[in-house]
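Everything on this sheet refers to the single structure shown next.
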Amino acid sequence: MSTLSLAIPRPVHPSGLWNWLTTIDHKKIGVLYGVTAFIMFLSGGVEATLMRIQLTKPELDIVSAAVYNQLFTMHGTTMIFLAIMPLGAAFFNFVIPLQIGARDVAFPRLNAFSYWTFLAGAIMLKLSWIGGATDAGWFGYAPLTSVDQNPGKGIDFWIISLQVLGVASLAASFNFIVTIINMRAPGMTMMRLPLFTWMTFITAILLILAFPVITVALIELTFDRYFDFNFFNVARGGSVVLWQHLFWVFGHPEVYILILPAMGIVSEVLPVFSKKPLFGYTTVVLAGAIIAVMGWMVWSHHMFTVGLGPVANAVFTITTMLIAVPTGIKVFNWIGTIWGGSIRINTPMAFSLGFIAMFLIGGISGVMHAVSASDAQQQDTYFIPAHIHYVLFGGAIMALTSGIYYWFPKFSGKMFDEKMGMLHFWLMMIGQNVTFFPMHFVGLDGMPRRIYTYAEGMGWDLWNLVATLGVFILIAGFLVFILNMVKSWKSGPDAPGDPWDGRTLEWSIPSPPPEYNFSEIPVVKSLDDWWNTKQGGNGKAVPVSGGSGDEEHDIHLPQPSYWPLVTAIGLFIAAYGVVFNQLVVPWAIAIIGTFIGFVGVYAWSLEPVNDPDEDSAH
Amino acid sequence: MVTMKNRGVFGSVFINSSRTQKIVLLLMSLALSVLAAGCFIIDPSANQSTFEPLGPVAERQLTIFWWILIGGAVVFVLVGAALIYALVKFRRRSEEETPIQVHGNTRLELLWTIIPAIVVMGFAIASINTLFYSANVPKDSEKTITLEAIGHQWWFEFRYPSPNGPENEVVTANEVYIPVGIPVRINLESVDVIHSFWVPKLAGKVDMVPSEGNHMWFQADEPGEFYGQCAEYCGTSHANMKFKVIAVEPAEFDTWLSDQAAPALESGDPLAKEGAGIFKDAGCSGCHSLKTIAKTGSKGRVGPNLAHVASRRDLAAGMMNNADGAGNVNDAYLQENLRKWLENPSEIKPGNLMSSQAAVYTDPNKTLTERQISALVAYLTSLK
């Protein structure tokens, strides 16, 4: 059959760059996700720094109004879609198969495709700075996104790259749901899943339900912009409030997509460094699930001033206040976990504890403006950026950083420098409070958010100056972090398999894990199986040197593949083709890209399943 | 003993107390210093501070905020104290110790589910009254006035029903007079994107959404000048979209309204007369009207109505101040500001329509000369 000519053999033991381009090993993909997301985080940080410098004093002219508006739009979009979400994905990739006792994810090639597609979307969005990025806000409120208001390509890049990122996130989410349901080791029942795996599972479900909503909204916007439709065109009967509903029906669950993995990480770290199981495992799991359900009932609290009326505002006040309850349960259970424990404060633990403190402040300020009666004064002031940064920086970023330190020995095989880690922690704690706490004050003193400048004599000078100074403490903190990571990865002392006296399965294998993870698939007897094994409670022998043997014996592993990358490149070209649809021949580039994508999928499906090693003499 | 005396009461108490008591004392002093700091970090006298309500709506909104702030502070201190206490008390002392493996406590967990649920519900329900109160002018008000506020990129149009019939609506911009002690209903609209109408000292904000027909109300309890600013991101010059509410005694308000309803005065000054000619010939009047223009058309409403521009305390939507400390327009300030604006409007308000669409700024052959600018300034300054 001629079609077989497409069945190009899989790459055999590629090395160097090819190894990374064709890898389908979940651990390597996790590292790719993590490094890419961290670079994106830095780019979002540069955008934030420029904004803070502009606001240091009244009436500064460091960046223009137009550039400032692009900066805050890109900062928000970058941090949410290109930094925090993929940092979560990095942990899903690296940690989940190890925690559930699997050798890889359910669909390894789809996993690689998710990463390359994410990278395509990220590159596309960030490159839109060339020629002017979007300036309609990360929330893209109609009609600011209309062609009349915004004729440039920036918005088109924003729309299409978000769609590309959506494909990546959806593919990854399906993959993780299937992995967690089907790839669990024998005995690993759902209620024995480590908390991080549980929160990932819930996050993935939230994501596949939430992303289609913004996909629809973006398609409508695309039709408005490209084909003169009227979804959001008031003059011809459209509605601008429709966009807000669609955006926040996605946007609020999205907040929990960002924070649930963080809560999962903290729920792993606290028990390990307290030598105590998580307090109320079932309650914490349920609280996560309830948050995921209730997360759909609160979206209009982003719209308290839109004029939905006091009845709607009252209802959403109540639902929003109620969602504080399961969140509070988690905080109380974390304190219950360390209570009566044997607490060792090192870098990962310090970051998790810092997370609780900062998230507590963010949670309380969240409840404060959940009350729509008084929120009319805080909505769209600096009080809100203060809140969101306590939740997403003090919350998500602190917890993700905790996770990076916690699993660093596992993925790098090296120990990091504890002193530098603690220095990083204190710089972060001081830096973020100096940066973000004053934003509460200027917000309550009436400073609206998203203004590129402010007049003298409004009473906002001092705290804006302080906030900007805080940024430089944060920058110092991240320099220490980068230095620590690079130095330790290159020349840190070798890490043992179980450096923290861990409780979950990833600590039962060597650091870094062999390609096949577990030489023998473990049989799970209890929650915190590895801990109980070490305590002699599971009637199992503890492997010597904290590893379950490292002898390779005929373990079949899926082989690398070119096609996920090719398919993602096709999507990338097609996406550019949609933005520049009138270039050369109308829509030609989009069609070419789509064709490459199809070739990729076609070849992917015909790729030999068998291990190529079998017929090559090696 | 001597050193202990020098440490004062607190110091000696601190030294003599147990570890647990020390923690509690530390936490108490921390909470006190946070409260003390709170007294100077927020400045209620700041122009847009929400901590100095000067009308009933803002007042009730602040009351709610205080309650929830105190509630939040209590939660923060309690949970923070538990966290710090646990961290100090349960620090690892030896590597060998293994704490009791407690897996949970159903009663305790139920407790910290139910109590917070009751507390947050209490707050939510207690706030609903204020929510409804701030939505509509109280029905028992003896007298109310209604006016319209319309958002434009990046200025506010205000329209008052005129004493002399609908064709004589009073139209002004960026400055809204209201009578003291009388509830004012404001109907909110927008001609382009979403804006938000906010005067922190009088009431929380409500968005101006195209074709949604929102409304709000407020009342000023005493005469004064209140700062307002657009609160919803609305494009390039969102930061430059401000206005003022000026509350005056009802009698003064009536005088002001009839003054504004009168046609613009024509000045006899030759330079001003020349300016009047330029105003027509250079195309200014295409967007800026000097009389009432019906809301249905856009001609003459693209830019602010200038019928009485020289009576306004600010120029360019709160960007430049024309008034002295007492709120009286100073002609010298006004002239300087007008000149600055006419010379380069995009420097004051980046992205504004005038600099991108008016022929005198886009067509190099029609650029305003120094003389023309002086004439326009003289003319506009005469429009009291």
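If you take every residue apart from A:Val95 with its C-beta less than 11 Å away from the C-beta of A:Val95, what net charge results, scoring Lys and Arg +1 and Asp and Glu -1? Show your work: numbers first, answer last.
On the way: positive: A:Lys27, A:Lys410; negative: A:Glu268, A:Glu506.
Neighbourhood net charge equals 0.
Sort out the exposed loop GluC sites (Glu not before Pro) in chain A (DSSP loop, at most 14 other Cβ within 10 Å) and tell me the longest stretch that has none. Display every interim value, and only then the final one.
On the way: sites that count: A:Glu59, A:Glu456, A:Glu515, A:Glu520, A:Glu551, A:Glu552.
For GluC sites (Glu not before Pro) (loop position, at most 14 other Cβ atoms within 10 Å), the longest site-free span of chain A is A:60-455.
Run the numbers on chain A and let me know its relative contact order in percent, using alpha-carbon pairs under 8 Å that are six or more apart.
Working: 1038 pairs, mean separation 115.7, N = 618.
Reported as a whole number, the value is 19 percent.
Using a 1.4 angstrom probe, figure out how much accessible area region B:101-173 has per residue, in square angstrom, rounded to the nearest whole.
On the way: 3850 Å² over 73 residues.
Dividing the accessible area of region B:101-173 by its residue count gives 53 Å².
If you plug each phi of region A:487-499 into the Karplus form 6.51 cos²θ - 1.76 cosθ + 1.60 with θ = phi - 60°, what whole-Hz ³J(HN,Hα) values come out, in order, with x for Gly and Pro?
Whole-Hz 3J(HN,Hα) from phi for region A:487-499: 4, 5, 5, 6, 9, x, x, 4, 8, x, x, 9, x.
Accessible area of region A:25-544 with a 1.4 Å probe: how many percent of it is carbon plus sulfur? If you can, show how the numbers build up before the last one.
Values: 10490 of 14680 Å².
Summing carbon and sulfur atoms, their accessible area is 71 percent of the total for region A:25-544.
Would you pull out the residues with amide H under 5 Å of B:His215's amide H, same chain only if 5 or more places away, H placed 1.01 Å from N?
For B:His215, whose amide H was placed from the backbone, the distant partners under 5 Å are B:Leu188.
Give me the summed buried accessible area for the B-A pair, 1.4 Å probe, to the nearest 100 Å². Can you show the working numbers first?
Values: alone 22010 and 24310 Å², together 39020 Å².
That pair hides around 7300 Å² of surface in total.
Within 10 Å of each Cβ in peptide B:340-350, how many partner chain Cβ atoms are there on average? Round it to a whole number, please.
Details: counts 0, 0, 0, 0, 0, 0, 1, 1, 0, 1, 7.
If you average over the peptide's residues, the count of other-chain Cβ atoms is 1.
If you count, for every residue in A:280-291, the Cβ atoms of partner chains within 10 Å of its Cβ, what is the mean? Walk me through the intermediate numbers first.
Working: counts 8, 2, 4, 8, 2, 0, 1, 2, 0, 0, 0, 0.
That average works out to 2.
For A:Lys126, which aspartates and glutamates qualify as cross-link partners when the Cα separation must be under 17 Å and same-chain residues fewer than eight apart are set aside?
Within the straight-line limit of under 17 Å, A:Lys126 reaches these aspartates and glutamates: A:Glu47, A:Asp135, A:Asp156.
Per residue, how much accessible surface does region A:160-211 expose to a 1.4 Å probe? Answer in Å², no decimals. Intermediate values should be presented prior to the final figure.
Numbers: 1440 Å² over 52 residues.
It amounts to 28 Å² per residue over region A:160-211.
Going through the cross-link list A:Lys276/A:Lys330; B:Lys244/B:Lys340; A:Lys330/A:Lys534; B:Lys201/B:Lys242; B:Lys273/B:Lys340, which pairs have a Cα-Cα distance over 18 Å in this structure?
Details: A:Lys276/A:Lys330 16 Å; B:Lys244/B:Lys340 21 Å; A:Lys330/A:Lys534 28 Å; B:Lys201/B:Lys242 14 Å; B:Lys273/B:Lys340 21 Å.
The pairs that break the limit, which is 18 Å between Cα atoms, are B:Lys244/B:Lys340; A:Lys330/A:Lys534; B:Lys273/B:Lys340.
Compute the signed sum of charges (Lys and Arg +1, Asp and Glu -1) over the other residues within less than 13 Å, Cβ to Cβ, of A:Trp158.
On the way: positive: A:Lys126, A:Lys153, A:Arg225; negative: A:Asp135, A:Asp156.
After counting each charged neighbour, the total is +1.
Across region B:314-322, in residue order, what do the Karplus-derived ³J(HN,Hα) couplings come to in whole Hz, using 6.51 cos²θ - 1.76 cosθ + 1.60 with θ = phi - 60° and x for Gly and Pro?
10, 10, 6, 6, x, 7, 9, 8, 9
Using protein chains only (no ligands, no nucleic acids) and a 1.4 Å probe, work out which residues of region A:226-243 have their accessible area cut by at least 40 Å² relative to the chain alone.
Buried by the other chains: A:Val234.
Quick one: work out the % antiparallel among DSSP beta bridges in the protein assembly as shown, nearest 5.
Details: 29 of 42 bridges.
Rounded to the nearest five, the antiparallel share is 70 percent.
Net charge near B:Gly235: determine it from the other residues with C-beta under 14 Å of the C-beta of B:Gly235, scoring Lys and Arg +1 and Asp and Glu -1. Walk me through the intermediate numbers first.
Values: positive: A:Arg450, B:Lys349; negative: A:Asp135, A:Asp148, B:Asp192, B:Glu232.
Charge balance in the 14 Å sphere: -2.
As a test of reading the structure, rank B:Arg159, B:Arg313 by solvent-accessible area (1.4 Å probe, protein chains only), most first. Walk me through the numbers on the way to the answer.
Values: B:Arg159 5, B:Arg313 35 Å².
Correct descending sequence by accessible area is B:Arg313, B:Arg159.
Taking beta carbons within 10 Å but only from partner chains, what does the mean come to for residues A:346-357? List each step's numbers first, then the result.
On the way: counts 0, 0, 0, 1, 0, 0, 0, 4, 0, 0, 3, 5.
Average per residue, whole number: 1.
Which cross-chain or sequence-distant (5 or more) residues have an amide H under 5 Å from the amide H of B:Gln229, H modelled 1.01 Å from N in plane?
Residues meeting the criterion, in which the H sits 1.01 Å from N, are B:Trp198, B:Phe243.
For region A:25-544, take every pair of Cα atoms, bin their distances at 20 Å starting from 0, and report each bin as a whole percent.
Answer for region A:25-544: a P(r) of 22, 58, 19, 1 percent.
What is the helix-to-structure angle for B:19-41, meaning the angle in degrees between its Cα long axis and the longest Cα principal axis of chain B, kept from 0 to 90 and rounded to the nearest 10?
Tilt relative to chain B: about 10 degrees.
How would you order A:374-385, B:259-270 from highest to lowest mean count of nearby Cβ atoms within 10 Å?
Working: A:374-385: 26.2, B:259-270: 13.8.
Put in order of decreasing packing, that is A:374-385, B:259-270.
Loop only per DSSP, at most 16 neighbouring Cβ atoms within 10 Å: give me the trypsin sites (Lys or Arg not before Pro) in region A:326-422, ordered by residue number. Show your work: numbers first, answer last.
Values: sites: A:Lys330, A:Arg344, A:Lys410, A:Lys414, A:Lys419; in loops: A:Arg344.
Listed in order of number, the matching sites are A:Arg344.
Given the pairs B:Lys349/B:Lys384; A:Lys153/B:Lys205; A:Lys27/A:Lys275; A:Lys275/B:Lys89, which span a C-alpha to C-alpha distance of over 22 angstrom in this model?
Going by Cα-Cα distance, B:Lys349/B:Lys384; A:Lys153/B:Lys205; A:Lys27/A:Lys275 fall outside the 22 Å limit.
Before I look further, what does region A:214-273 give for accessible area per residue, probe 1.4 Å, in whole square angstrom?
Heavy-atom SASA per residue in region A:214-273 reads 28 Å².
The values are calculated or read from the model by the stated rules, or taken from the named source; none is laboratory data. Everything quoted here is computed from the prediction, not taken from an experiment. Every residue, glycine as well, gets a Cβ built from its backbone with ideal geometry; the counts of neighbours run over all protein chains shown. Please note that ligands, DNA and RNA were not included when accessible areas were found on the heavy atoms of the full protein model with its side chains. Shrake-Rupley method; radii C 1.70, N 1.55, O 1.52, S 1.80 Å.
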